[in-house]
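Asker: Just passing along the structure, written as structure tokens.
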Amino acid sequence: MKKTICIIGKPNVGKSSIFNRMIKDNKSIIMDTPGVTRDRIYGTCTYNNKSFFVIDTGGIEIGHNDFNEDIKVQAELAIDESDLIMFVVDGKNGLDANDYLIKDMLLKSGKDVLLVVNKIDNDSRKDNVYDFYELGFEHIIAVSAEHNIGFKELFDYLTLNMNENEEPDEGILKFTIIGRPNVGKSSLINALLNEDRVIIGDVAGTTRDAVDTRFTYDKEDYIAIDTAGMRKKGKIYEEIEKYSLIRTLKAIERSNVCVLVIDAKEGIIEHDKHIASYAIDAGKGLVLVVNKWDTVKNPDQEIKKWKDLIAAEFQFIPYVNIVFLSALNKKRIHTLMPEVINAYENNNKEIPTSILNDVITEAVTLHPAPSYKGKRLKIYFVSQTGVNPPKFTFNVNNKGLVHFSYERYLENKIRESFDLSGTPIILQFKNKSDR
């Protein structure tokens, strides 16, 4: 399982700037106003083929209002979820009472702590680092998030003793059940296993953690991972639920296929699409399950309506296969595993280069790329350069000439020629002159 690293500190020390440098994205809002980052934000950092989760948190400061207390609770939950704490301090303005408050909290946690002194962006501030040894932490690294200084040393330390592949049960298909609370995820696993292995209840949010269950289907071993319901951010009330998202993201990351469960009684809501995007962003195979099908009147007629509805609501995943079932009475439960296996196989599918080039050549002949300012995209060669998900690299004359509509056309042509249902695919364009 990937290591999880949590960024902790008082307001305005540059935690979010460091976070964005680490994940190479502006996911955290950066402002000079203290306390802008109110909730934890999660990302994945990759360095030298090693990757780990990073949690950004709101700034902790002394105060007795509910807002400060809530941020402190959020930070404590993030600390509890983490393997290593990055305690960020301000190398420009020095120590204050908030830093000592945080120090005491981290010492009580018993977690490994790396002290990161930010804003050390010129020679005159380098000596400031020595002041922070007073906090009593053994390991200290100086950085400047604004000027990208010190991050190689930081990454080297964070990935020390971190294996490239730590996942146990290698070779066994693992699929994660994801979805909103109370859509029947645990009931679905119990139906697959034909026994009550996972606690279920009518109260939304019964499952707090990701639970792995190993079982046998058609003489093969599989691992099903049940997850806590993924609530829309604004609807997270119970503090313990506020950190279930990171466990769900971890479960998605270490699985091969995600099974998104939708409630037939409640229908599709916007958050179902957000949850699907977590699986797509991770490059996982995907199966969509419409559960509680026993509550639907005239099910044979409703299937077509539901398929049309899903096609309209989930336009960004037209390749997903849909299963209609009832976990409660186990009707149509036999239709799920074949689709999970199909999504896994297609997520790992490899296509011969010669056949792939024949398909693309025919596609370009039928519909050449549009010209732009007198220039036209030329595709010289295409090859598959990865799996999980399948990745196709196009060697072209100028990748700047690739219009998103033509990229979509090429993807459709690939999908028409090869069965890639249940998996996202990646199209990458590379100039012929690039190495």
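Asker: Just checking, does the range 345-353 include any residue being assigned to a strand (DSSP E or B) and under 20 Å from ILE178 (Cα atoms)? Break it down stepwise before answering.
Answerer: Our first condition is that a residue be assigned to a strand (DSSP E or B); within the range 345-353, this holds for none.
There is no residue in the range 345-353 that is assigned to a strand (DSSP E or B) and under 20 Å from ILE178 (Cα atoms).
Asker: Now a separate question. Just the residues that are of a type in the set (A, V, I, L, M, F, W, C), outside any strand (DSSP E or B) and touching a residue at least 60 places away in the same chain (Cβ under 8 Å), please, taken from the range 284-324.
Answerer: Just the residues of the range 284-324 that are of a type in the set (A, V, I, L, M, F, W, C), to begin with: 286-290, 293, 296, 303, 306, 309-312, 314, 316-317, 320, 322-324.
Okay, now just the ones that are also outside any strand (DSSP E or B), so 293, 296, 303, 306, 309-312, 314, 316-317, 320.
Scanning the range 284-324 gives ILE317, VAL320.
Asker: What number of residues within the range 364-373 satisfy the criterion of being open to solvent by less than 80 Å² (accessible area, probe 1.4 Å) and either assigned to a loop (DSSP other than H, G, I, E, B) or in contact with a Lys or Arg (Cβ under 8 Å, 6 or more places away or on another chain) (or both)?
Answerer: Here is the first cut: in the range 364-373, the ones open to solvent by less than 80 Å² (accessible area, probe 1.4 Å) are 364, 368-371.
With either assigned to a loop (DSSP other than H, G, I, E, B) or in contact with a Lys or Arg (Cβ under 8 Å, 6 or more places away or on another chain) (or both) added as a condition, the list becomes 368-370.
Within the range 364-373, residues that are open to solvent by less than 80 Å² (accessible area, probe 1.4 Å) and either assigned to a loop (DSSP other than H, G, I, E, B) or in contact with a Lys or Arg (Cβ under 8 Å, 6 or more places away or on another chain) (or both) number 3.
Asker: Sticking with this one: Out of all the residues in the range 285-315, which are surrounded by 12 or more Cβ atoms within 10 Å (Cβ to Cβ) and either farther than 16 Å from ASP272 by Cβ or of a type in the set (Phe, Trp, Tyr) (or both)?
Answerer: Going through the range 285-315, the residues surrounded by 12 or more Cβ atoms within 10 Å (Cβ to Cβ) turn out to be 285-296, 299, 302-303, 306-307, 309-311, 313-314.
Scanning the range 285-315 gives GLY285, TRP293, ASP294, THR295, VAL296, PRO299, GLU302, ILE303, TRP306, PHE314.
Asker: Can we say ASN388 is out of contact with any Phe, Trp or Tyr (no Cβ under 7 Å at 6 or more places or on another chain), at negative phi and of a type in the set (S, T, N, Q)? Before the answer, list the steps.
Answerer: Details: out of contact with any Phe, Trp or Tyr (no Cβ under 7 Å at 6 or more places or on another chain): yes; at negative phi: no; of a type in the set (S, T, N, Q): yes.
No, not satisfied.
Asker: Which of (1) among the hydrophobic types (A, V, I, L, M, F, W, C); (2) open to solvent by 70 Å² or more (accessible area, probe 1.4 Å); (3) over 25 Å from LEU192 (Cα atoms); (4) over 26 Å from the mean Cα position of the chain (by Cα) is the odd one out, the single condition VAL359 does not satisfy?
Answerer: Against the list (1) among the hydrophobic types (A, V, I, L, M, F, W, C); (2) open to solvent by 70 Å² or more (accessible area, probe 1.4 Å); (3) over 25 Å from LEU192 (Cα atoms); (4) over 26 Å from the mean Cα position of the chain (by Cα), VAL359 comes up short only on (2).
Asker: While we're here: Six or more apart or on different chains, Cβ atoms under 6 Å: show the pairs whose first residue is in the range 253-273 and in a helix (DSSP H, G or I) and whose second is open to solvent by 40 Å² or more (accessible area, probe 1.4 Å) and modelled with pLDDT under 90.
Answerer: If the second residue must be open to solvent by 40 Å² or more (accessible area, probe 1.4 Å) and modelled with pLDDT under 90, the pairs left are HIS271/LYS232.
Asker: Determine if the range 399-416 includes at least one residue that is closer than 30 Å to ASN256 by Cα, open to solvent by 70 Å² or more (accessible area, probe 1.4 Å), not in a helix (DSSP H, G or I) and not small (Gly, Ala, Ser). Even if it seems obvious, please write down each step before you answer.
Answerer: First, the residues of the range 399-416 that are closer than 30 Å to ASN256 by Cα: 404-416.
Then keep just the ones that are open to solvent by 70 Å² or more (accessible area, probe 1.4 Å); that gives 404, 408, 412, 416.
Restricting the remaining residues to those that are not in a helix (DSSP H, G or I) gives none.
No, that holds for no residue.
Asker: State all residues of the range 374-383 that are open to solvent by 40 Å² or more (accessible area, probe 1.4 Å) and touching a strand residue (DSSP E or B) at 6+ places or on another chain (Cβ under 7 Å); if no residue qualifies, say none.
Answerer: Step one: list which residues in the range 374-383 are open to solvent by 40 Å² or more (accessible area, probe 1.4 Å), which gives 374-376, 378-381.
Listed by number, the residues that qualify are LYS378, ILE379, TYR380, PHE381.
Asker: So, one more: So in the range 325-353, with the set limited to residues that are without any contact (Cβ under 8 Å) to a residue 12 or more places away in the chain and closer than 17 Å to ASN256 by Cα, which one is nearest to the chain's Cα centre (by Cα)?
Answerer: The selected residue is GLU345.
The values are calculated or read from the model by the stated rules, or taken from the named source; none is laboratory data. Nothing here was measured: the structure is a model prediction, and the numbers come from that model. Backbone-built Cβ (ideal geometry, glycine too); neighbour counts: all protein chains shown. Each accessible area value is taken on the protein alone, full model and side chains, heavy atoms only, with ligands, DNA and RNA left out. Shrake-Rupley method; radii C 1.70, N 1.55, O 1.52, S 1.80 Å.
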